[in-house]
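Here's the structure, in structure tokens; my notes come after.
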Amino acid sequence: MEPFVVHKGKVAGLDRANIDTDQIIPKQFLKRIERTGFGQFLFYDWRYLSDGTPNPHFELNRPENEGATILVANENFGCGSSREHAPWALADYGFRAIIAPSFADIFYNNCLKNSLLPIKLPKEDVAYLLKQAERADYELTISLEQQVVFDDEGFTSSFDIDPYRKQLLLKGWDEIDLTFVYEPYIIAYEKARS
């Protein structure tokens, strides 16, 4: 996994509440077993019209949102089924962080396990960011080390994160990588047992 220390990126806004995992990555695209290749199907039913052409009214299809790496949305983002494919699709599309007032618990934890940083901010801060995200040039900086989100115009907001998950993200590790840190102890234990 890629470490997350400081990230500066373009912001896209999706001013909708209760975006569920079936909207993030519809069920018909869950046949793959790899973690990659899902970005093309992200928000598929919203991004494309019935004839397969891009929906010009969908937020992420607007030219000003091209290349965005930070997504801002409203409350209860990632509700619905517990599919891990949802953070895979968001990350594969190019997002490094999702900012919302609240997240579904399973989705939130799946993001952390897949190097995608979910950030809970107060509703008034999210409302401000959604308004700013309407601009084509709006960027945010996220410092995981300092647990703060800020822009170059004076906005700053801090966020909480579990210290264990924070350390894994900073190092770019998942639980398997963490196990390898203890490999010498595991080998020594196994030798002592035989």
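General observations
- Helix-derived mean residue ellipticity, 222 nm - over the chain, DSSP H n ≥ 4, -39500 (n - 2.57), to 500: -8500 deg cm²/dmol
- Euclidean distance between Cα centres, the range 135-192 to the range 47-105, Å: 22 Å
- For the set LYS8/LYS171; LYS27/LYS171; LYS123/LYS171; LYS120/LYS171; LYS8/LYS113; LYS27/LYS131, the pairs lying more than 23 angstrom apart at their alpha carbons are LYS27/LYS171; LYS123/LYS171; LYS27/LYS131.
- Computed on the chain, with alpha-carbon pairs under 8 angstrom and 6+ residues apart, the relative contact order is 27 percent.
- Neighbour net charge for GLN147 - beta-carbon separation under 10 angstrom, K R +1, D E -1: -1
- Trypsin sites (Lys or Arg not before Pro) within the range 128-170, DSSP loop, no more than 15 other Cβ atoms inside 10 Å: ARG135
- Rounded, prolate or oblate (a/c below 1.5 giving rounded, otherwise prolate when a/b exceeds b/c) for the range 4-190 by Cα gyration tensor: oblate
- Sparsely packed GluC sites (Glu not before Pro) within the range 43-111, loop by DSSP, other Cβ within 10 Å at most 13: GLU66
- Distance between the pseudo-spin-label points of LYS171 and ASP137 (7 Å out from Cα toward the beta carbon): 4.1 nm.
- Heavy-atom surface analysis with a 1.4 Å probe gives the range 4-190 a carbon and sulfur content of 51 percent of its accessible area.
- By average C-beta atoms within 10 angstrom, highest first, the peptides 157-164, 99-106, 21-28: 99-106, 21-28, 157-164
- Computed from point charges on the beta carbon alone (+1 for Lys and Arg, -1 for Asp and Glu), the dipole magnitude for the chain about its Cα centre is near 520 Debye.
- Positive-end ranking of LEU14, GLY154, LEU90 along the dipole of the chain, with charges on Cβ about the Cα centre, is headed by LEU90.
- Loop-resident GluC sites (Glu not before Pro) (DSSP state other than H, G, I, E or B) in the range 118-194 with no more than 15 further Cβ atoms inside 10 Å of their Cβ: GLU134, GLU145, GLU153.
- Where both bridge residues fall in the chain, DSSP classifies roughly 50% of the beta bridges as antiparallel.
- Taking amide H as placed 1.01 Å from N in the peptide plane, the amide H of LEU117 sits under 5 Å from that of ALA97, ILE98, each at least 5 places away or on another chain.
- Accessible solvent surface per residue of the chain, calculated while the other protein chains remain in place, 1.4 angstrom probe, Å²: 52 Å²
The values are calculated or read from the model by the stated rules, or taken from the named source; none is laboratory data. In this text the structure is predicted, and so the values were computed from the model without any measurement. A quick note on method: Cβ atoms are made from the backbone with ideal geometry, for glycine too, and the neighbour counts reach across all protein chains shown. Each accessible area value is taken on the protein alone, full model and side chains, heavy atoms only, with ligands, DNA and RNA left out. Shrake-Rupley method; radii C 1.70, N 1.55, O 1.52, S 1.80 Å.
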